[in-house]
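Novice: Here it is: the structure, laid out below.
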């Protein structure tokens, strides 16, 4: 049964209006609310007893998309879901995940999504994941995503994660293991407000020759929220790694950024940059002279920063 | 008794040739090898039973220097020494510490120097500390310095630390607590070679309004040596903090850099940059075309980097 709440959540987290094109699996309140496999992308229930699905993408699959959104519309739903991706060689695919929680009750609702990607030789994956929660009940909305990626020779992943609003507590863990010539690019966008807490751990292991890793993390902490970032890039071969974390701090918020770069090879080249500060006064002033109120100007700057 | 070894160590670690000008205390093999107090700088043995000295610097002392080098010339000497500095208001003084170990035996020689500075209102302290060890015995040469600094309103410290060569194992810990308008600048230069290990933890707490903290860390890891850096700047008020770590990795060395910036106030502005890489090929080439051998070119670049 498709409700207004479902539709709104799906649009927020996966830009979905109506049924997705291509393969998809929609998980709703611990059940399957729709699934389509295609010729090249097979989606099946797991066989090991855990909740979740196996997604198998055939060698040479190009230009196809797979949507696997999760929505929770009830209060008191708590789940840990394991999704495993087996992506063949020479693929170029887009995977859209995301989780939306609508919790108007007083009980905690929690989704822990554990995604493991095995990406075959020379394949490229674009993986995006949006997290959003809403509901004026007193029940906490919690999401703890874990993403583990193994990139074979010449494989690459672009991973874009966004936490829009409403998630009371999140513990993110991302690990990417790069083989020879593999490349990982992670962009993380995170907004916290109220008394929310967010914790993001990331490890990129550059194990193969000419592996590349790049992390671009941008966050805004408002009100009394707090954020901790621990991105880590380890260079075990001739490789290049770059981590960039920028945060805007507002209200009574707290932000801590603890990046690590570790070189275990003379040919590893690793760079890190991080900055925490408030919105620049001159930027606000400029927009205000163009006729915006202070709130509108602030909002405009934050949107641009998190875009 | 002044030996050739003593003289050479003192020159290496404190640029001392002959007796220092001003107040000084020379510690040699767990004993006092010379002490002079001046009208404004009083040096006394501790009265709490610990090894070490109390240094009291009167209000308004300007342009004076205090040397407190430590040398160990025997194998098997192990000591923990506590030196406390009480620096009055409106001072401008230079303190030169440093430790040199000459160990030709098979036993471990270790100096753990624990320095605490209480720096009064509007006083400026320039503190430098050089560490050097030598000796072809099999005994380890170990130095574990701890430096704790409390800066009152408007006070500042420039702390320059250098580990030149020969120190087999070091665990450095530095903590600076900045009051209103106080400023801490730390420059760290560290070279490791052979199988040496170096570990440097730093915490700068920016607690007072308009406090400033700056860390400039440069290191070279050669051969099979390993280094770990954990500089941390915490902003608890309107403040500015900047951490910059650059490392050159050579041979089979390992370097890990784990900086932390933590903002607990909207007006805290914190920045961190870190880079690990090998000597740039074009720099080497340039010097080689000027007639230097590869080794000479490398040496020239490292000297410039650690200067």
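Novice: Under a point spin-label approximation (7 Å from Cα along Cα-to-Cβ), what is the residue A:62-residue B:267 distance to one decimal in nm?
Specialist: 5.8 nm
Novice: Also, I was wondering about something else. Output the direction-averaged projected area (hull surface divided by four) of the convex hull of the alpha-carbon atoms of the stretch B:197-307, in nm².
Specialist: Details: hull surface 30.4 nm².
Approximately 7.6 nm², given one-decimal rounding.
Novice: Identify which of B:137, B:241, B:181 has the largest mean-square fluctuation in a Gaussian network model of chain B, with springs joining Cα atoms closer than 10 Å.
Specialist: B:137
Novice: In what sequence do A:206, B:190 fall when counting other Cβ within 10 Å, fewest first?
Specialist: Neighbour counts put them in this order, fewest first: B:190, A:206.
Novice: Let me ask another. Could you check what % of the DSSP bridge pairs in the protein assembly as shown are antiparallel, to the nearest 5? Don't skip to the end; give the middle numbers.
Specialist: Numbers: 31 of 289 bridges.
Here the antiparallel bridges make up roughly 10 percent for the protein assembly as shown.
Novice: Let me ask you something else. Pull out a ≥ b ≥ c, the square roots of the eigenvalues of the alpha-carbon gyration tensor of the stretch B:21-60, then state rounded if a/c is under 1.5, prolate if not and a/b is larger than b/c, and oblate in the remaining case.
Specialist: Oblate shape, in that a/c is at least 1.5 and b/c is the bigger or equal ratio.
Novice: Nearest beta-carbon of B to the rotation axis carrying it onto A: which residue, how many whole Å?
Specialist: That would be B:273, 3.
Novice: The stretch B:4-281: D in µm²/s via Stokes-Einstein (Kirkwood Rh, Cα pairs, 4 °C, 1.567 mPa s)?
Specialist: Value of D from the Cα-based Kirkwood radius: 68 µm²/s.
Novice: In addition: Identify which of B:122, B:264, B:236 has the largest mean-square fluctuation in a Gaussian network model of chain B, with springs joining Cα atoms closer than 10 Å.
Specialist: Per the Cα network of chain B with a 10 Å cutoff, B:264 tops the list.
Novice: Over what distance in Å are the Cα centres of the stretch A:73-119 and the stretch A:1-56 separated?
Specialist: 10 Å
Novice: Would you work out if the stretch A:242-307 is rounded, prolate or oblate? Take a ≥ b ≥ c from the square roots of the eigenvalues of the alpha-carbon gyration tensor; rounded if a/c is under 1.5, else prolate when a/b is larger than b/c, oblate otherwise.
Specialist: Working: a/c = 4.18, a/b = 2.62, b/c = 1.59.
Prolate is the answer for the stretch A:242-307, as a/c is 1.5 or above and a/b outweighs b/c.
Novice: Subtracting the Cα-Cα distance from 0.36 nm times the residue separation, let me have the gained length for residue B:7 to residue B:209 in nm, one decimal.
Specialist: 68.2 nm
Novice: Here is a follow-up. Can you list the equivalent-ellipsoid semi-axes of the stretch A:12-171, largest first and in whole Å, using the square root of 5 times each Cα gyration tensor eigenvalue?
Specialist: Rounded to whole Å, the semi-axes are 28, 15, 14.
Novice: Can I ask one more? Over the Cα atoms, compute the radius of gyration (one decimal) and Dmax (the largest Cα-Cα distance, rounded to a whole number) for the protein assembly as shown, in Å.
Specialist: 28.9, 94
Novice: How many angstrom separate the Cα center of the stretch B:228-282 from the Cα center of the stretch A:199-216?
Specialist: 18 Å
Novice: While we're on this one: Between residue B:148 and residue A:48, what's the calculated FRET efficiency when r is the beta-carbon distance and R0 is 45 Å? Round to 0.05.
Specialist: Values: r = 54 Å, r/R0 = 1.19.
Between residue B:148 and residue A:48 the formula returns 0.25.
Novice: Nm distances between the label at residue A:79 and the same-position labels in the remaining copies, 7 Å along Cα→Cβ, shortest first?
Specialist: 6.8
Novice: Taking residue A:281 in one copy and the same position in all the others, each labelled 7 Å out along Cα→Cβ, what are the pairwise distances from the first, in nm, shortest first?
Specialist: 4.8
No lab work stands behind these numbers, since they all come straight from the coordinates. Predicted model, so just to flag it, every value in this text is computed and none were measured. Using ideal geometry, Cβ is built from the backbone for each residue, glycine included, and neighbour counts are taken over all protein chains shown.
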